[in-house]
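Each reported figure results from applying straightforward, stated rules to the coordinates on display, with no laboratory input. It should be emphasised that the depicted structure is a prediction, and the values quoted were computed from it without experimental measurement. All Cβ positions, even for glycine, are placed from backbone atoms using ideal geometry, and neighbour counts span all protein chains on display.
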Amino acid sequence: MIFTNVKRVVIKIGSALLIERGASTIRSNWMRAICENVATLKKNRLDVVIVSSGAIGIGRDVLSLTSTNLKLEEKQAAAAAGQIRLAHAWQESLAAHKISVAQILLTPSDTEERRKHLNARNTIESLLELNAVPIINENDTVATEEIRFGDNDRLAARVSQMIGADLLILLSDIDGLYSADPKKFSDASFIPEVFELTEKIFAMAGEASPGNSSGGMVTKLAAAEIAMRAGCQVIIADGRAEHSLFKIGKENRFTRFLPIDTPSNARKRWIAASVSHAGAIFIDSGAEHALKSGSSLLPAGVISIKGNFDRGDTVTICDESGHRLGCGISAYSAKDTSLILGQKSCEIENLLGYRGRDEIIHRDNLVLDEKNF
Ligand code: GLU
């Protein structure tokens, strides 16, 4: 069962699955079926995020744009018109299971620039905590040719990386990776498992398929590379049939790309590798002890700070006498940290006027130096 031990799954749904061929309308029975599957996953306490394509395909019909080769401005207009319908369709179909949905539109900079990345991540985390299903698409209306993902495969991989998902499913009109394009070469062999993305594997990818999709195997492999490095397992599977999510591994075969590391280790390595630290936080011996036993850093254990760091910056963590213990991402700016240091977390709201995180550095965002163990 592909969902065994999975806590957080990102499901990417391509336009070819969602849209009726030649009609630019949503395949409502198909959508109802996948929403039933999503509801089952939610009942089993999985966090589910959907990356849904289809805005341009639907909008094209709404605005009567008949050309098969739309200009960028036309695609953006189509996306603006289609996204409303797309989000509405998800909302209606999941409401039948009493699941709330929330729309998030992202550009590459939102996933790559640290502060925006952090904000987007926090919003998705909050939505998941509130048991909602985020429906994500590229913000096509503001993206320009140079700064757009252009395909939702890589967007879905970035999202998986951002929220530490342990499984990314790329639902497509093909059941996995073949040694060559199976539409052109009848002797192409199916690849069930990929441990490493070698040049040979990349050479197997065919061209993007025609029609509404912008992806193809090339972008799926690029997506798999991003996700695997972030510790996320990737599955490419055929999503055309109704209830296809639960057919994967039963009636339907699929290609699985194995993660290189766990999401949490990948994240910690990323933190440890950040070269410039914007400041330092000095902690008392009680907090030092707590961190060494795996806890988060609370304001109560902070004695003083140095530097002018912002929320989301990596800071050095030092003991009372200034020896470096490790580093981590601060959930508060230097200014706000100086106002709450030494205080109990329940005082944060009184002191700052807003309710932030209980921890200054959450344990997932904290790495102690090797010698401190
Ligand atoms: N963002 C595009 C849309 O919603 C889809 C990109 C893709 O097909 O991967 O229409």
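Using Cα springs under 10 Å in a Gaussian network model of the chain, which residue among ALA165, ALA222, ALA290 shows the largest mean-square fluctuation?
Highest fluctuation among the options: ALA290.
Taking only the alpha carbons of segment 112-153, what extent do you get along each of the three principal axes, in Å, biggest first?
So the three principal-axis extents are 35, 21, 17 Å.
If you average the sequence gap of Cα pairs under 8 Å that are 6 or more apart and divide by the length of segment 230-367, what percent do you get for the contact order?
Details: 266 pairs, mean separation 32.1, N = 138.
That works out to 23 percent.
Under a straight-distance cross-link criterion of Cα-Cα below 20 Å, which aspartates and glutamates are reachable from LYS71, leaving out those fewer than 8 residues away in the same chain?
Hits, sequence-local ones excluded: ASP61, GLU138, ASP140, GLU145, GLU146, ASP151.
In nm², what is the average projected area of the convex hull enclosing the Cα atoms of the chain?
On the way: hull surface 81.0 nm².
Projected area, direction-averaged: 20.3 nm².
Scan around LEU167 for amide H atoms under 5 Å from its own, H built in the peptide plane at 1.01 Å from N, and keep only partners 5 or more places away or cross-chain.
Sorted by chain and number, the residues that satisfy this are ARG8, VAL10, GLN233.
Based on the alpha-carbon gyration tensor of segment 272-311, what equivalent-ellipsoid semi-axes (square roots of 5 times the eigenvalues) come out, in whole Å, largest first? All intermediate terms of the calculation are to be shown ahead of the outcome.
Values: eigenvalues 77, 37, 13 Å².
So the equivalent ellipsoid measures 20, 14, 8 Å along its semi-axes.
Give me the number: length gained by fully extending THR144 to ILE303, i.e. 0.36 nm times residue separation minus the C-alpha to C-alpha distance, one decimal in nm. Present the calculation step by step, with values, prior to reporting the outcome.
On the way: separation 159, 0.36 × 159 = 57.24 nm, distance 4.71 nm.
Here the answer is 52.5 nm.
Given the options ALA120, ALA157, ALA95, which has the most mean-square fluctuation in a GNM of the chain, springs set between C-alpha atoms less than 10 angstrom apart?
In this elastic network of the chain, the residue with the biggest mean-square fluctuation among ALA120, ALA157, ALA95 is ALA95.
At a Förster distance of 30 Å, what's the computed FRET efficiency of VAL218 paired with LYS43, Cβ-Cβ distance as r, to 0.05?
Numbers: r = 36 Å, r/R0 = 1.20.
Plugging the Cβ-Cβ distance into 1/(1 + (r/R0)^6) gives 0.25.
Counting other Cβ atoms within 10 Å, keep those with at most 15, restrict to DSSP loop, and tell me which trypsin sites (Lys or Arg not before Pro) in segment 75-128 are left. Walk me through the intermediate numbers first.
Working: sites: LYS75, ARG85, LYS98, ARG114, ARG115, LYS116, ARG121; in loops: LYS98.
Within segment 75-128, the qualifying trypsin sites (Lys or Arg not before Pro) (loop, at most 15 other Cβ atoms within 10 Å) are LYS98.
So what is Rg over Rh here for segment 1-146, counting just Cα atoms and using Kirkwood for Rh? Intermediate results must be reported in sequence, preceding the final value.
Values: Rg = 15.8 Å, Rh = 16.1 Å.
Radius of gyration relative to Kirkwood radius: 0.98.
Between segment 12-91 and segment 321-350, how far is it from one alpha carbon centroid to the other, in angstrom?
So the separation of the two Cα centres works out to 43 Å.
Compute the helix-to-body angle for 28-43: its Cα long axis versus the longest principal axis of the chain, expressed 0 to 90° and rounded to tens.
Rounded to the nearest ten degrees, it is 30.
Once the piece of chain linking SER67 and GLU112 is laid out straight, how much longer is it, given 0.36 nm per residue of separation minus the C-alpha distance between them? Please list the in-between numbers first.
Numbers: separation 45, 0.36 × 45 = 16.20 nm, distance 3.33 nm.
Length gained between SER67 and GLU112: 12.9 nm.
Sequence-distant or interchain residues sharing an amide H contact under 5 Å with GLY279, placed H: which?
Those lying under 5 Å, H to H, from GLY279 are THR316.
Based on DSSP, what percent of beta bridges with both residues in the chain are antiparallel, to the nearest 5? Please list the in-between numbers first.
Numbers: 21 of 52 bridges.
Antiparallel bridges: around 40 percent, rounded to the nearest 5.
Which cross-chain or sequence-distant (5 or more) residues have an amide H under 5 Å from the amide H of ILE104, H modelled 1.01 Å from N in plane?
Excluding prolines and chain starts, which carry no amide H, the hits are ILE135, ILE136, ASN137.
From the phi of every residue in segment 128-134, what ³J(HN,Hα) in whole Hz does the Karplus formula 6.51 cos²θ - 1.76 cosθ + 1.60 yield, where θ is phi - 60° and glycine or proline is x?
Working through the residues one at a time gives 5, 4, 7, 6, 8, 10, x Hz.
Per Stokes-Einstein, at 20 °C and 1.002 mPa s, what whole-number D in µm² s⁻¹ belongs to segment 1-57, with the Kirkwood radius over Cα pairs as the hydrodynamic radius?
Values: Rh = 12.4 Å.
Here the translational diffusion coefficient equals 173 µm²/s.
If you take the Cα atoms of segment 92-131, find Rg, then find the Kirkwood Rh from the mean of 1/r over all pairs, what is Rg/Rh? Write out the running numbers ahead of the final one.
Numbers: Rg = 12.5 Å, Rh = 11.3 Å.
Rounded to two decimals, Rg over Rh is 1.10.
Note down the nm distance, to one decimal, between modelled labels 7 Å out along Cα→Cβ at SER321 and at ALA180.
6.9
Ignoring solvent entirely, what values of log10 I(q)/I(0) come out of the Debye formula for segment 75-160 at 0.11, 0.19, 0.21 Å⁻¹ when each Cα is a single scatterer?
So the normalised log intensities work out to -0.32, -0.92, -1.08.
Highest GNM mean-square fluctuation, the chain, Cα pairs closer than 10 Å: which of HIS88, HIS323, HIS277?
Per the Cα network of the chain with a 10 Å cutoff, HIS323 tops the list.
Please work out the FRET efficiency for the pair SER293 and PHE195, using the Cβ-Cβ distance as r and a Förster radius of 41 Å; give the result to the nearest 0.05. Working shown, then result.
Working: r = 35 Å, r/R0 = 0.85.
Result of the calculation: an efficiency of 0.70.
What residue among ALA156, SER186, PHE3 has its Cα farthest toward the positive end of the dipole of the chain, where the charges are +1 on Lys, Arg and -1 on Asp, Glu, each on the Cβ?
PHE3
Roughly how big is the chain's charge dipole about its Cα centre, with Cβ charges of +1 (Lys, Arg) and -1 (Asp, Glu), in debye to the nearest 20?
Working: 44 positive and 46 negative charges, 114 e Å.
Using Cβ point charges on Lys, Arg, Asp and Glu, the chain gives about 540 debye.
Using helices alone, I'd like the mean residue ellipticity at 222 nm for the chain: each DSSP H run of four-plus residues gives -39500 (n - 2.57), total over residue count, nearest 500. Please list the in-between numbers first.
Numbers: 13 runs with 135 residues, N = 373.
It comes out at -11000 deg cm²/dmol, rounded to the nearest 500.
Between LYS250 and ASP369, what is the label-point separation in nm under the 7 Å Cα-to-beta-carbon projection?
5.4
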